[in-house]
Amino acid sequence: MEKFVAKTICILGRQPALGLAELESLYGAEHVRPLAGHAQLDIPAKDIDFRRLGGTIKVTRLLSVLPDNTWEAVFKYLTDKIPEHLRHVPDGKFTLGLSLYGRDLSVQKLNADMLGIKKAIKQKTGRAVRIVPNKTMQLNSAQVLHNSLTKKGGWELNLLADVDKFYLAQTLFVQDIEAYGGRDQARPARDARVGMLPPKLAQIIVNLAAGPLMYEKSVDPARVRILDPFCGTGVILQEALLMGYSALGTDLDERMAEYSKKNIRWLFDKYPGLSGQVDIEVADATSYQWPGFSTIASEVFLGRPLNSLPAEDKLRKIITDADLITRKFLANLQPQLQVGRAFCIAVPAWRKPNGQMIYLPLIDHLTDMGYNYLDLKKVRREDLIYFREDQVVARQLLRLKKTGK
């Protein structure tokens, strides 16, 4: 076995387990390792397709591993090395930012030390540098983009503290939050009553489903057809098309199918280079026979939206309804799947005020239904839960495969 040599660090989002799972699905467990709540890969950063990653905020190039985990030693290293490296950067406007992960340090101290680095650069090179001030220990995506820190004339350096060392990395790519907002909030057909699947989560679901197809077999994306049997307003279809896949969506509600069609027409107008094929039909996921598809990426029926946990009898009814629909769907799907084919669905889970989860009863009976978990090596299956602190209904991601029975 070849030795793992880290080349890239991916800075993960609010729920790092989802980002780590996505990376493992796309690139294989042998190429990914956890690092202090983030991920390192032995793949060059320039080869990471960051636009398709919903769970990665920044893709960075590993520059150095510093064998001292004290801030004083790191600050001295930066003060010495940044002016040295800037001598090889063409003259002109230059902007520098720094994000610090995994180390307690006041924002005031960090900003003061960055001004010290600015002074050292001026003294050693005669060059003027603008420092991006930190509002928190890490610069957010908007700050990185607004200050052009991934373009010529800008650097964002990232320091990640591990047990006995610091990792120093330079940001090459950062999530374009305006683009995400533009294809979420600006979509012409939306319905808050059915819940709104975030585009980033849709990307993760698609990648958990299609990753093995793409990176184990090097399939042309256009030949991969993503099926969403509960397509709603078409968010998963949209993200699949943006990744270069073809898509097939069905929904029992005629209004939702029309919403999807309207949103997909808008998407093709907004991104004229899209070439994937898409079909959208009105159909019942518990009985429909879908034409050819490669894999399934879907958010199934979540039950009605909740602002707070209802009384026990009402919650039991909501859970029973969601469980029944999902069971019927999986029973209908099972004979239509290839043995061993990976797919990913998001099913509802309900958060109690103490943070404990209530899961669908069917979770304990998947084997009886002809499915096995397609487990990941770097992430536990129980950690594949998407939620926000103010939400009652969470989404449990099930990465499954059909058994050989």
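Find all pairs meeting these conditions: Cβ atoms under 9 angstrom apart; at least six residues apart or on different chains; first residue within segment 102-124 and over 15 Å from residue 135 (Cβ atoms) and assigned to a helix (DSSP H, G or I); second residue among the charged types (D, E, K, R) and open to solvent by 80 Å² or more (accessible area, probe 1.4 Å).
118/130; 124/84; 124/87
I'd like the residue in segment 81-136 that is hydrophobic (A, V, I, L, M, F, W, C) and open to solvent by 20 Å² or more (accessible area, probe 1.4 Å) and, out of all such residues, is farthest from residue 158 (Cα to Cα).
Checked segment 81-136; the qualifying residue farthest from residue 158 (Cα to Cα) is 128.
Take residue 150 and decide whether it is in contact with a Phe, Trp or Tyr (Cβ under 9 Å, 6 or more places away or on another chain), in a loop (DSSP other than H, G, I, E, B), surrounded by fewer than 21 Cβ atoms within 10 Å (Cβ to Cβ) and among the hydroxyl-bearing types (Ser, Thr, Tyr).
On the way: in contact with a Phe, Trp or Tyr (Cβ under 9 Å, 6 or more places away or on another chain): yes; in a loop (DSSP other than H, G, I, E, B): yes; surrounded by fewer than 21 Cβ atoms within 10 Å (Cβ to Cβ): yes; among the hydroxyl-bearing types (Ser, Thr, Tyr): yes.
Considered against the rule, which asks whether it is in contact with a Phe, Trp or Tyr (Cβ under 9 Å, 6 or more places away or on another chain), in a loop (DSSP other than H, G, I, E, B), surrounded by fewer than 21 Cβ atoms within 10 Å (Cβ to Cβ) and among the hydroxyl-bearing types (Ser, Thr, Tyr), residue 150 comes out as yes.
How about segment 352-390: which of its residues are among the acidic types (Asp, Glu) and part of a loop (DSSP other than H, G, I, E, B)?
Across segment 352-390, the qualifying residues are 375, 389, 390.
Here are 286, 320: which of them is at pLDDT 95 or above, among the hydroxyl-bearing types (Ser, Thr, Tyr) and assigned to a loop (DSSP other than H, G, I, E, B)?
286
Can you pull out the residues in segment 211-253 that are at pLDDT below 95, part of a helix (DSSP H, G or I) and of a type in the set (A, V, I, L, M)?
Within segment 211-253, 213, 214, 222 meet the criteria.
List every residue pair whose Cβ atoms sit under 6 Å apart, with the two residues 6 or more apart in sequence or on different chains, where the first one lies in segment 196-208 and is part of a helix (DSSP H, G or I) and the second, anywhere, is acidic (Asp, Glu) and open to solvent by 10 Å² or more (accessible area, probe 1.4 Å).
199/184
Contact list please: Cβ distance under 6 Å, first residue in segment 239-258 and farther than 15 Å from residue 229 by Cβ, second residue modelled with pLDDT of 95 or more and surrounded by 22 or more Cβ atoms within 10 Å (Cβ to Cβ), pairs at least six apart or on different chains.
Short answer, once both residue conditions are applied: 239/202; 239/203; 239/206; 241/247; 245/226.
Checking the structure you have, find out if any residue of segment 15-31 is outside any helix (DSSP H, G or I) and open to solvent by less than 10 Å² (accessible area, probe 1.4 Å). Reasoning before the result, please.
Applying the first criterion (outside any helix (DSSP H, G or I)) to segment 15-31 yields 15, 28.
Filter once more, so that each one left must be open to solvent by less than 10 Å² (accessible area, probe 1.4 Å): none.
Checked segment 15-31: no residue is outside any helix (DSSP H, G or I) and open to solvent by less than 10 Å² (accessible area, probe 1.4 Å).
How many residues are free of Cβ contacts under 8 Å to residues at least 60 places away in the same chain and not in a helix (DSSP H, G or I) when one looks only at segment 41-88?
So the answer is 8.
Which of the residues belonging to segment 385-405 are out of contact with any Ser or Thr (no Cβ under 9 Å at 6 or more places or on another chain), closer than 22 Å to residue 309 by Cβ and either at pLDDT below 95 or of a type outside the set (D, E, K, R) (or both)? It would help to see each step written out before you state the result.
First pass over segment 385-405, keeping only residues out of contact with any Ser or Thr (no Cβ under 9 Å at 6 or more places or on another chain): 385-391, 393-398, 400-402, 404-405.
After this cut, where a residue has to be closer than 22 Å to residue 309 by Cβ as well, the list is 385-391, 393-397.
Answer for segment 385-405, where residues must be out of contact with any Ser or Thr (no Cβ under 9 Å at 6 or more places or on another chain), closer than 22 Å to residue 309 by Cβ and either at pLDDT below 95 or of a type outside the set (D, E, K, R) (or both): 385, 386, 387, 388, 389, 390, 391, 393, 394, 396, 397.
So residue 256 ticks every box in (1) within 20 Å of residue 184 (Cβ to Cβ); (2) modelled with pLDDT of 95 or more; (3) open to solvent by 60 Å² or more (accessible area, probe 1.4 Å) but one. Which box is left unticked?
Of the numbered conditions (1) within 20 Å of residue 184 (Cβ to Cβ); (2) modelled with pLDDT of 95 or more; (3) open to solvent by 60 Å² or more (accessible area, probe 1.4 Å), the odd one out for residue 256 is (3).
Among the numbered conditions (1) out of contact with any Phe, Trp or Tyr (no Cβ under 8 Å at 6 or more places or on another chain); (2) within 30 Å of residue 209 (Cβ to Cβ); (3) open to solvent by less than 70 Å² (accessible area, probe 1.4 Å), tell me where residue 46 comes up short.
Of everything listed in (1) out of contact with any Phe, Trp or Tyr (no Cβ under 8 Å at 6 or more places or on another chain); (2) within 30 Å of residue 209 (Cβ to Cβ); (3) open to solvent by less than 70 Å² (accessible area, probe 1.4 Å), residue 46 misses just condition (3).
Is it fair to say residue 161 is touching a residue at least 24 places away in the same chain (Cβ under 8 Å), open to solvent by 50 Å² or more (accessible area, probe 1.4 Å) and touching a Lys or Arg at 6+ places or on another chain (Cβ under 7 Å)?
no
Report yes if residue 142 is open to solvent by 10 Å² or more (accessible area, probe 1.4 Å), small (Gly, Ala, Ser) and outside any loop (DSSP other than H, G, I, E, B), otherwise no.
For residue 142, the condition - open to solvent by 10 Å² or more (accessible area, probe 1.4 Å), small (Gly, Ala, Ser) and outside any loop (DSSP other than H, G, I, E, B) - is met.
The values are calculated or read from the model by the stated rules, or taken from the named source; none is laboratory data. Please read these numbers as outputs of a predicted model, since none were measured by experiment. Note that we place each Cβ from the backbone using ideal geometry, even for glycine, and neighbour counts take in every protein chain shown. We work out accessible area using only protein heavy atoms, side chains counted, and drop any ligands, DNA or RNA first. Shrake-Rupley method; radii C 1.70, N 1.55, O 1.52, S 1.80 Å.
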